[in-house]
1. Could you give me the radius of gyration and the Dmax of the chain, taking only the C-alpha atoms into account and expressing both in angstrom?
2. Relative to the Cα centre, what is the charge dipole magnitude of the stretch 68-130, using +1 at the beta carbon of each Lys and Arg, -1 at the beta carbon of each Asp and Glu, and rounding to the nearest 20 debye?
3. What stretch of the chain, leaving out the sites themselves, is the longest with no trypsin sites (Lys or Arg not before Pro) in a DSSP loop having at most 11 other Cβ atoms within 10 Å?
4. Under a 1.4 angstrom probe, counting protein chains only, how are Val86, Val25 ranked by accessible area, largest first?
5. For a quick check, take a GNM of the chain with Cα springs below 10 Å and name the residue from Ala17, Ala104, Ala36 with the largest mean-square fluctuation.
6. When the chain is treated as a GNM, springs tying every alpha-carbon pair under 10 Å, which of Pro52, Pro83, Pro62 comes out with the largest mean-square fluctuation?
7. Between Ser113 and Ala50, how high is the FRET efficiency from 1/(1 + (r/R0)^6) when r is the Cβ-Cβ distance and R₀ = 30 Å? Nearest 0.05.
8. At a 1.4 Å probe, what is the % contribution of carbon and sulfur to the accessible area of the chain?
Amino acid sequence: MLLVEDDAADIDLTQEALSTAGLHVNLNVVRNGTDALSYLHQQSPFQDTAAPDLILLDLNLPGMSGKEIIREIRGDKKLCHIPITVLTTSRSKQDIEDSYKLGANCYVSKPDSLDEFNQMIQALEKFWFTVAKIPTRNIL
């Protein structure tokens, strides 16, 4: 799983929620869109990383926005199959509509309480890795 998040507290919360739930997910973290695309294209310093099965993407990032990242991923035939869950503080109707129009698979607003955040992360992990069928890598 790739987490694209610039807020250190939200990174810690996500890591803690996965750990607390006992979920064994290989979570890699990048803090901006440029690094996200470098990671996905396995460019330096990410040349030895595996493609993620799922991307958790914040919309409000420094430099390249989450919406721009979705557009780039969906426009790349080698990456377009990777599910993208937008995980953001925004509850804006426009952000929700734009994210889905660009090709996000899911849009989740970050909850306010730690307990709700933990439950949300557990639900996302269970859905994407137990319930949903994710395309295999290199489907083209």
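The values are calculated or read from the model by the stated rules, or taken from the named source; none is laboratory data. None of the values given here were measured: they were computed from a predicted structure. Cβ sites come from the backbone with ideal geometry, for glycine too, and all protein chains shown count toward neighbours. Note: areas computed on protein heavy atoms with side chains; ligands, DNA, RNA excluded. Shrake-Rupley method; radii C 1.70, N 1.55, O 1.52, S 1.80 Å.
1. Cα-based Rg and Dmax for the chain come out at 14.1, 41 Å.
2. Numbers: 9 positive and 10 negative charges, 62 e Å.
Taking the Cα centre of the stretch 68-130 as origin, the dipole is about 300 debye.
3. Values: sites that count: Lys77, Arg91, Lys133.
It runs 1-76.
4. Working: Val86 0, Val25 35 Å².
Highest to lowest solvent-accessible surface, that is Val25, Val86.
5. Result for the chain, Cα springs under 10 Å: Ala17 fluctuates most.
6. Judging by the Gaussian network model, the answer is Pro62.
7. Here the calculated transfer efficiency is 0.35.
8. Working: 3630 of 7520 Å².
Summing carbon and sulfur atoms, their accessible area is 48 percent of the total for the chain.
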